[in-house]
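Have a look at the structure below, then the notes.
Read the figures in this text as sums done on the coordinates, not as results from a lab. Values in this document were obtained by computation on a predicted structure and should not be read as measured data. In this analysis, Cβ positions are derived from the backbone assuming ideal geometry, glycine residues included, and neighbour counts consider all displayed protein chains.
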Amino acid sequence: MGIVVENVNKRFGDFVALDNINLEVKTGSLVALLGPSGSGKSTLLRLIAGLESPDGGKVFLTGKDATDQDVRDRNIGFVFQHYALFKHMTVRQNIGFGLEIRKQPKAKIADRVEELLELIQLKGLGNRYPSQLSGGQRQRVALARALAVEPTVLLLDEPFGALDAKVRKELRAWLRRLHDEVHVTSVFVTHDQEEAMEVADEIVVMNKGRIEQIGTPAQVYDNPATPFVMSFIGPVN
Ligand code: ADP
Ligand code: MG
């Protein structure tokens, strides 16, 4: 089993950020957390990552109770909206960084980096520095860096949020194709309905710290479970 979130609650002071969340992300699938700003998407992602701990409930990763496990032991790949690449390192060095700190053999790192450069379709740009790349190319490198260590789980928090609409559209189609090749269990946070529809196998619609509906894009679109889902995602009339 990929990721299981069971009866999870999270408060910040008196404020309930997550209210009894239950969720299952099947191994190898790509699930989108979709909801307006402040609905608890990033908090849920951070809980899965181990960057926050729940006030109640459990998080299981690949069948094991990870609730109290340190973030460093969870083998998670992250990509955030403003996920800074190391400016003084080339694309190759950025992608290989996680393997370097894990003391992998040089030849193995070099092979893996080339494989990832091909995967993100930036084969010719390995010796460039981040400042010599476009925003979209930088996020592709960030994704390759996250994938380099073969994470059990890939977490993406509005990874294309800072890019312009045209590039964002290209990247979502690209991410979908990439996921079809790599099949890493992934959770993708977005407030953009179209993005969730196009990228995800399943959509988790969130509002005010609760899950309103979980379903395939078609299910959520055709049969919104609540008035909120209807207004947020459903057919406009
Ligand atoms: P989203 O990612 O859906 O925009 P977040 O998960 O970031 O939402 O935040 C959900 C709510 O929890 C927001 O109202 C936010 O202000 C609050 N919140 C998140 N993190 C903290 C924190 N560390 N301290 C206090 N409040 C927080
Ligand atoms: Mg957020």
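Stokes-Einstein diffusion for the range 149-198 at 4 °C, viscosity 1.567 mPa s, with a Kirkwood radius from C-alpha pairs, works out to 113 µm²/s. Note: the range 189-235, Cα convex hull, 68 Å³ per residue. Out of every Cα-Cα pair that the chain contains, those further apart than 25 angstrom amount to 42 percent.
Give me the percent of Cα-Cα pairs in the range 1-72 that sit more than 19 Å apart, rounded to a whole number. It would help to have the intermediate numbers written out before the result.
Details: 731 of 2556 pairs.
Across the range 1-72, Cα pairs with separations above 19 Å total 29 percent.
With the gyration tensor restricted to C-alpha atoms of the range 70-114, the semi-axes of the equivalent ellipsoid amount to 19, 16, 9 Å, longest first.
Once the Cα atoms are used to define both axes, helix 135-148 deviates from the longest principal axis of the chain by about 90 degrees. Cross-link check: pairs Lys41/Lys106; Lys103/Lys123; Lys87/Lys123; Lys87/Lys108; Lys87/Lys169; Lys26/Lys208 evaluated at a Cα-Cα cut-off of 29 Å; pairs beyond the cut-off: Lys41/Lys106.
Can you put Lys103, Lys208, Lys108 in order, fewest other beta carbons within 10 Å first?
Lys103, Lys108, Lys208
Quick one: putting +1 on the C-beta of Lys and Arg, -1 on the C-beta of Asp and Glu, what dipole do you get for the chain around its Cα centre, in Debye to the nearest 20?
Details: 29 positive and 30 negative charges, 195 e Å.
The dipole magnitude comes to about 940 debye.
With a point put 7 Å past each Cα toward its Cβ, work out how far Ala218 is from Gln132 in nm, to one decimal. About 4.7 nm separates the two model spin labels. Nearest 10 degrees, 0 to 90: what angle lies between the long axis of helix 106-119 and the longest principal axis of the chain (Cα atoms)? Rounded to the nearest ten degrees, it is 60. Computed from the C-beta positions of Gln69 and Phe15, the FRET efficiency with R₀ = 35 Å rounds to 0.85.
Overall, the ratio between the Cα radius of gyration of the range 102-143 and 2.2 N^0.38 Å, rounded to two decimals, is 1.22. Where only DSSP H runs of four or more residues are counted, the chain gives -11000 deg cm²/dmol as its mean residue ellipticity at 222 nm, each run worth -39500 (n - 2.57).
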